[in-house]
1. Kindly check whether there is at least one residue in the range A:39-49 that is more than 7 Å from chain B (Cβ to nearest Cβ), more than 40 Å from the chain's Cα centre (by Cα) and closer than 25 Å to A:Lys114 by Cα.
2. So which residues in the range A:522-543 are in a loop (DSSP other than H, G, I, E, B) and either open to solvent by less than 10 Å² (accessible area, probe 1.4 Å) or under 22 Å from A:Ala367 (Cα atoms) (or both)?
3. Only one of (1) open to solvent by 30 Å² or more (accessible area, probe 1.4 Å); (2) in contact with a Phe, Trp or Tyr (Cβ under 8 Å, 6 or more places away or on another chain); (3) modelled with pLDDT of 95 or more fails for A:Tyr423. Which number is that?
4. Starting from residues that are among the hydrophobic types (A, V, I, L, M, F, W, C) and surrounded by 20 or more Cβ atoms within 10 Å (Cβ to Cβ), keep the ones in the range B:185-206 and report whichever is nearest to B:Ile153 (Cα to Cα).
5. Looking at the structure I just gave you, is B:Ile25 part of a helix (DSSP H, G or I), surrounded by fewer than 17 Cβ atoms within 10 Å (Cβ to Cβ) and at pLDDT 95 or above?
6. I'd like the full set of residues that are in contact with a strand residue (DSSP E or B) (Cβ under 8 Å, 6 or more places away or on another chain) and open to solvent by 10 Å² or more (accessible area, probe 1.4 Å), limited to the range A:441-451.
7. In the range B:301-325, what count of residues is obtained for those that are open to solvent by 10 Å² or more (accessible area, probe 1.4 Å), within 8 Å of chain A (Cβ to nearest Cβ) and either under 18 Å from the mean Cα position of the chain (by Cα) or in contact (Cβ under 8 Å) with a residue 12 or more places away in the chain (or both)?
8. Quick check on the range A:245-259: of everything there that is free of Cβ contacts under 8 Å to residues at least 40 places away in the same chain and of a type in the set (S, T, N, Q), which residue is surrounded by the fewest Cβ atoms within 10 Å (Cβ to Cβ)?
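The values are calculated or read from the model by the stated rules, or taken from the named source; none is laboratory data. Computed from a predicted model, the values in this text were never measured in an experiment. Here the Cβ positions follow ideal geometry from the backbone for every residue, glycine too, while neighbour counts run over all protein chains shown. We work out accessible area using only protein heavy atoms, side chains counted, and drop any ligands, DNA or RNA first. Shrake-Rupley method; radii C 1.70, N 1.55, O 1.52, S 1.80 Å.
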Amino acid sequence: MSENYFGSAIRRRIVFILIIGMIAIQTFQLVNMQLLEKDKYEEKSKDNSIKSFSINAPRGIIFDRNIEILVGNKPSFTIQITPSKYNSENNKIIELVLGVNSGYVNKLLKKFRKYSKFKPRTLMRGVDYKIISWLEENHSMLPGISYIVETKRDYTFGINAAHVFGYTKEIDRKTLNKNKNKYSIGDDVGFSGVEKKYEKYLRGEKGREYYVVNARQKIVGRNNEGKNDIAPIKGNDIVLSLDYETQKIAEELMNSSKGSAIALDPTNGEILAYVSSPQYNLADFAGVTSTALWDSLRNDKAKPLFNRGTISMYPPGSTFKMLVAMAALEKGIITPAYQVNCKGGLQFGNRFFKCTHFHGKVNLKEAIEESCNTYFYKLILKVGIDNLYEYSKKFHLGEKTGIDISPESEGLIPSRKYYDRIYGKGKWTDGYLLNLGIGQGEIITTPIQLAQYTALLANSGVSKTPHFAKGYIESLSNEFIPFEYDSIKVDISKRTFKIIQNAMAGVVSSQNGTAHGVKLDEISISGKTGTAQNSHGKDHAIFIAYAPSVNPQIAVVVIVENVGYGSTFAAPIAQKIITTYLENKKNSISELINFDKKEVN
Amino acid sequence: MKIGAKLKDKFDLVIILSVIALITIGIVAIYSATYNHPTAKGNLNKQIFFVMVSFLILFIIYFLPARTFRIIAFPSYIFSLLILVAVLFLGKTIYGAKSWMSIGAIGFQPSEFAKIGLILFLSYWLTDSKRDINNIKDLLLTVLIGFIPILLILLEPDMGTAIVFASISLAMIFWSGLNLFGLFVVLSPGIILFASLFGTIPFIATLLLMLVALFYFKQNLFISGAVFVVNLSAGFIFDFLLKILKPHQVKRLQSFVDPTADPLGAGYNALQAKVAMGSGGLFGKGFLEGNQTQLRFIPEQWTDFIYCVIGEEFGFIGSIIVLAIFLVLFLRLLNLASVADDKFGKLTIIGILTMFFIHFTINIGMNLGITPVIGLPLPFISYGGSSLVTNMFLVGIVLNIYKNRKHHVV
């Protein structure tokens, strides 16, 4: 530097350049940030100060076939605690009012410590209205305690049908992790029955509310006056095929028994009534289910949590005889005139296979009406295992029906292969078959399989997969959208069906019929009694039936466990279910006709 | 017009008008940052009070006889050192630095007033006709004058103010005609220190460059060796600083080197300030409408981060106007440094310019994310009494020098 003197021009210039340069750099950065990258910073600034809260959507309603409410929603009060405002001196009084152990509030507060203390957290759900009024009265003394109204399931419409509807439960971590985009922590989700199967229809769509928060995450107001908020969309309503009155009667009739009762429309597989008894009380599952209740349900010997209608497997007993008969008729092995002389049983090898009575000479119709075992011992020897298996499969016995609740058992129809595997090839004889002929032994079926079998018998081999849900009512458009189900067609001649249907009518109408006791003057009922042998205790009573005998509208299966013979216990229940449904239907049709007349007038 | 011309002759309107503009902008911004704040609501009234006090001080200074400043130069320097020592024993610790002292109800920062002492004494010392800045002994003595208060301030520790003191000393030495080698001697340790912040390799590379430069200057071996040793040791000052600096200050330094390392910690303020600035856009979100400001995402925004209130609520237009007013002020001060009649006046103005400029550079820089977060207020705009009174005191000196530019002061 040549001008090494005070305030030389070059030093002036250096200072000048420094000033201009610095302000140029700052201007450059301003242009960059405020003009070019504005959007990026704006986004960040919004992220900073706008927080959204999701609003739960009410679940869809569950209706019966006539749009009567079966399961609804009701308001549920949830007490919340905002840790930043809360004064822990109130612990004692709050715990006393809520009826919880001391330390409850502190335990939860400790849990919430990980999260923002300005956000309200759930202290207790499903709180009684009285507690809420107390809270309102003492509001000023309880800072940081508030409540919100949520919805919970309402089961007060007179139908429990626990195994049909199923229950909802707070989503578990595993399910949550799989469905992170749909659910968040604390959401209720269908855990069994229709609630589980139709979860995606019933769930609805959550809404969102946007709030402005400050740097400490404290809410200072609504964003854009709530104009950006998204209202929750209520779940779609599910319309079940259940008939309210029929279901109600079925539940009452089965109330004191163990077993199941299933009624369906044989023409289309729609389930009209479904009871698995004993049931649990769904209302206990509406709020928070205590572990004590869980334990008592789990340890109950009557297994109330167990869905007997689709899971329990019983030998079909004498109700299986029609299948043996059809196989014989279709294969041309016998004609309906084929007779057997029943002398109280059949001697086969060194074993005597018993009949219930000494029936004397019986033809096919009489053998079914009177449930003669001897006849079918003889018949099964003629039909053989392969034909039996083939025809069982035609009626989808020993396989899942595909009903729209789960889980479902398969049951078992033994085949030649099965016997070869179990006993070894050539090591079993026809003697093994005799029991199969009367629906005992290795054969096991579920009640829903029997119901489907009955429907197919009633409607001459044409029906649809048994199901609960007819469709759903779309929440936004209010439009009913039906579900489609697979048709079932059993490849058996009309003539054969006619013969069997005649015999089944005789079971009730004939003087000697095993279910003559349930005969009615006004409604013709066809049916078949059965007894499922039970090596663990008393036998199970089975009755399958349909009515009216011509153009049947209802098919019923009733299984009552550990009571013995079918006609005494199961048949009257089936009869009552049938009459309730048919009378109710008649009434509603006449109502409809009267209504039309009024319109005309 | 005659009166206008006469006033213009006695009173530099460019300086005073730009200062008034900046103070006004500051009051608007402080209002926005505090009107809704639970604890800082009163700051606006306090600031208005300090504005009035500082104008009073400015006029008192303006009317003082020109030679006053030479007379008080040395005593005010000594007084500055005394209060800087006193604050270390009697001071109150705020934000990890022992920089506050109170007399009665009034709290103040001694280091703010010490700036006046440093500028006046350095001016006086450097413009003494016996002094030759290119004489190594005089240079070292001059450096020592700057270094004593810097050391005291580093003990508080207040790195920002230390940087201001260092910059003032350096600029005034530079203006006095220091030659290139002298400049190298003064500057190189600082450059080495800065390089060492970024790791061993930049440190060694810079050190090698220094060696090359030393060979270029062809000074005698003793001086060259001494300079090299000073440079080498400067590289280890950072490690030494790590020991004396408070953890939050170390974090701030680290977050400058790598701002993303700790976005919720030390880098938080810088990040939020950038978001506030950037989201303002061209016209800003409007007065009292900035969500970053109003929702208090930036703590104590009325002090060091006042500029991003303007950036957020008045956008690019508002931000650039502030820069423009400062530019006018700086260039006018630089101009006055030549207009002033004597060397003492000229150098004093250079000291004052440097002080304003370094505050401005670091403060605006940290709002824009181009300098580390070093707690320095933006002159005339940030809230703060000590700073405002000191700044107006210095403006008073400038105006006084301008008024007396035609009389040679003996």
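1. Yes: one or more hits.
2. Keep residues of the range A:522-543 that are in a loop (DSSP other than H, G, I, E, B), which gives A:522-525, A:533-539.
Residues satisfying the conditions are A:Ser524, A:Ile525, A:Gln533, A:Asp539.
3. (3)
4. Looking only at the range B:185-206, we keep the residues that are among the hydrophobic types (A, V, I, L, M, F, W, C), and these are B:185-187, B:191-195, B:197-198, B:201, B:203-205.
After this cut, where a residue has to be surrounded by 20 or more Cβ atoms within 10 Å (Cβ to Cβ) as well, the list is B:185-186, B:192, B:195, B:203.
On the way: B:Val185: 23, B:Val186: 19, B:Ile192: 21, B:Ala195: 23, B:Phe203: 26 Å.
Ranking the qualifying residues of the range B:185-206, first place goes to B:Val186.
5. No.
6. A:Glu442, A:Ile444
7. The qualifying residues number 1.
8. Taking the candidates together, the pick is A:Ser256.
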